[in-house]
Amino acid sequence: MSITPTPEPKYAAAWEPFIPYGDPASCPPDLKPGLDALVAKVGFMSNSMKLYLHNPGVLRAITAMGAGITSNDDGALDRTLKRKLAVICSATNGCVYCTAHQCDFLTRPPAGGGEGWGIDADEVYAMIAGTEVPANEMERLCFEFARAASSDAAGVTDELRSRLARGLTPAQVVELAAVVGYWKFLNTLHDSLNIPPEPQNIRFTGVLDAYGKKESVT
């Protein structure tokens, strides 16, 4: 049972994006099944997806990246681990929008086929703060790499890479780096567009300021 309070939201309400949302009815036919499946999994159409609708090429690329890197059941890394990495990367990159999303997904009760992982809020906030207790040495290595590569990709040390090579398979190392890069890309995209949080995620918008490592947040 969570004992860490969820802080007051950073925002009292969402705002209108500086460009209008796209019309879901305009989604190209070849992308509609995938988009519908994503909405069913998430439980709503995210504001980011509503903006991607303006550019089918971007929508196609982002959904393909997500399917191939983070949400695939046949990946080299466990999906639960990759969802934990998502909140660690988003928090390290200072993205309020994505951090709020990940807090929602991680703390939701598990749901068949949906985004619900049933992780206690205490554990999620500890991952944001960098005070978590990893489940095992592999998880510890992945968390360390995610924070180091998100903060300064060129600054990842040979010593850390050597430990990764000993503790993970080559396929896992490549997927880990791809997960980190995927979230750096999305965090940059979403922050630069100042995407408003969805109404159901506003409750988590104060988490990063309250629990994030201040030196990592810009």
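Quick notes on this structure:
- Per-residue Cβ neighbour rank within 10 angstrom, fewest leading, 142, 27: 27, 142
- Going by neighbour counts of Cβ atoms within 10 Å, the residues 133, 124 line up, fewest first, as 133, 124.
- Degrees, to the nearest 10: 137-151 long Cα axis against longest axis of the chain: 60 degrees
- Residue pairs, from the table 32/84; 50/82; 41/213; 32/184; 184/213, whose Cα atoms sit over 21 Å apart: 32/84; 50/82; 41/213; 32/184
- If you run the Gaussian network model on the chain, springs between alpha carbon atoms under 10 Å, then out of 25, 111, 121 the most flexible one is 25.
- Remark on the chain: 27, 89, 103, 142 stand apart, with no other cysteine beta carbon under 4.7 Å.
- Classified by the C-alpha gyration tensor, the range 21-69 has a rounded form. Its axis ratio a/c, with a ≥ b ≥ c, is below 1.5.
- Against the main long axis of the alpha-carbon atoms of the chain, helix 170-192 sits at an angle near 50°.
- Radius ratio Rg over Rh of the range 48-100, counting only Cα atoms, Kirkwood formula for Rh: 1.02
- Scattering curve values for the range 74-211, log₁₀ I(q)/I(0), Debye with Cα scatterers, q = 0.16, 0.21 Å⁻¹: -0.82, -1.36
- Principal-axis analysis of the Cα atoms of the chain puts helix 56-69 at an angle of about 30° to the longest axis.
- Order of 6, 205, 157 under a 10 Å beta carbon neighbour criterion, fewest first: 157, 6, 205
Read-outs: derived from the displayed coordinates by stated rules, not from any lab. The shown structure was predicted, so the numbers you read here are calculated from the model rather than taken from an experiment. Here Cβ is always computed from backbone atoms with ideal geometry, including for glycine, and neighbour counts include all displayed protein chains.
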